[in-house]
Amino acid sequence: MPEKNHIDIATCIHLSTFTRFIFPLGNFIAPLILWVANKEKSEFVNMHGKQALNFQLSILVYTIIMAIITVPLFIIGLVMGFDFNAYFFSNGTFNLSNLTPYIFIGGSLGLLAIVGFIVEIVLVIKATLKAKDGAYFYYPLTIQFLK
């Protein structure tokens, strides 16, 4: 069982990812500072710091990939002169049969982004609770940038 001090540091590393809601890039800067300052103290702190940073970097990569897919579809929709009235309303009634594939793909990716955001928050809370209990936690679907 790790020492209480190391448990507290590991817990704070995971919680510090929420600083992104306070300042930009806080989800990278705060855990990085805590990890670098304390990684030599114990393997427990070192592992949790690496896991938190790897997860945040993985989320960044997944977000960039989604943006690379979504932005061109949005631009294509704008260039084609998407007319909401012509596509959604015909003869004064709401009509969903005229939706283009761009709307379906964009909407699906938008929904996936919302679900991903919620899953990210749940996983960070779960990792925080595991660290608080003195246990190890490995985020799923995480690319191991730091080994």
Checklist entry - Which value, in Å² rounded to 10, gives the accessible area of Glu43 with a 1.4 Å probe and all protein chains present? => result 120 Å²
Checklist entry - Which FRET efficiency, nearest 0.05, do Leu112 and Thr19 yield, Cβ-Cβ r, R0 25 Å? => result 0.50
Next on the checklist: Need one value: the accessible area of Phe117 in square angstrom, 1.4 angstrom probe, rounded to the nearest 10.
Outcome noted: 90 Å²
Checklist outcome for this item: A chain fully extended from Leu129 to Leu146 at 0.36 nm per residue, minus the present Cα-Cα distance, gains in nm 3.9 nm
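The values are calculated or read from the model by the stated rules, or taken from the named source; none is laboratory data. Worth saying up front: this structure is predicted, and the values here are computed from it rather than measured. Note: ideal-geometry Cβ built from the backbone for every residue, glycine included; neighbour counts use all protein chains shown. Just so you know, the surface numbers come from the protein's heavy atoms only, side chains and all, with ligands and any DNA or RNA stripped out. Shrake-Rupley method; radii C 1.70, N 1.55, O 1.52, S 1.80 Å.
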